[in-house]
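Chemist: First the structure, then my questions, so here it is.
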Amino acid sequence: MRTLLLALSLGGAVCCSAIAAQQKYSATWVLDPNRSVLEDSDPRSLTLSVVETAAALKVTVRQPDSQHTYSVPADGTASRETVGSDQYTRTSMRANGVLVIRTVFIRGFDKASLTYSERWTLSSDGRTLTIYTTFPGGRDMLRVFSKKE
């Protein structure tokens, strides 16, 4: 009986720590434009509110004049979203402590498409989120966010 209880306790601890590890991005993140590499047209004021569960990553993007929320399933299946006449298809995967979100954007008025990837990494202390976005043609963007306390 003691062995069974110990095994159940250890199993529960391993399960809970695995779930906690998957939820490490959950926080409110504020863009640090001084540590980011942005183009002139990129917003300088940006906040991400991230809620991560075992099922999905839900991201709310806030700018001074707008707010947008999207979700990406954790199991790698595609999520589809329509905003106006534009369409976004997102998938996610994890590799070596990095979250990769791949987005296919189809512009509504001419059906032109653009595929880009975001690599989300956290600092070892969990207080800095870095999102490196790569676009076709060699264009990229580096956004560094600080955790809001």
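Chemist: In nm, to one decimal, how far is the S71 label point from the K111 one, both placed 7 Å along Cα→Cβ?
Modeler: Simple spin-label model gives 3.0 nm for this pair.
Chemist: Still on this model: So how much slack lies between T133 and R119, counting 0.36 nm per residue of separation and subtracting their Cα-Cα distance, in nm?
Modeler: So the extension gain works out to 4.4 nm.
Chemist: Report the Cα-based extents of region 12-149 along its three principal axes, largest first, to the nearest Å.
Modeler: Principal extents (Cα only, largest first): 52, 35, 29 Å.
Chemist: For the pair E149 and V100, what calculated FRET efficiency results from E = 1/(1 + (r/R0)^6), where r is the Cβ-Cβ distance and R0 = 25 Å, to the nearest 0.05?
Modeler: Efficiency at R0 = 25 Å is approximately 0.35.
Chemist: Let me ask you something else. What does the charge add up to near S117, with Lys and Arg as +1, Asp and Glu as -1, over the other residues with Cβ less than 14 Å from its Cβ?
Modeler: Surrounding charge for S117 is +4.
Chemist: While we're here: Let me test this: with uniform point scatterers at the alpha carbons of region 30-111, what is the Debye-based log₁₀ I(q)/I(0) at q = 0.14, 0.18, 0.19 1/Å?
Modeler: The Debye formula, applied to the Cα set alone, gives -0.60, -0.97, -1.05.
Chemist: Roughly speaking, what % of Cα-Cα pairs in region 85-149 are separated by over 13 Å, rounded to a whole number?
Modeler: The proportion of pairs with Cα distances above 13 Å equals 69 percent.
Chemist: Please enumerate, by chain and number, the aspartates and glutamates with C-alpha under 19 Å from the C-alpha of K148, excluding those fewer than 8 residues away in the same chain.
Modeler: In chain and number order, the partners are D32, E52, D125.
Chemist: Which peptide among 115-122, 59-66 comes first, and what is the full order, when sorted by highest mean count of other Cβ atoms within 10 Å?
Modeler: 115-122, 59-66
No lab work stands behind these numbers, since they all come straight from the coordinates. Everything numeric here is computed off the predicted structure, so don't read it as measured data. Cβ sites come from the backbone with ideal geometry, for glycine too, and all protein chains shown count toward neighbours.
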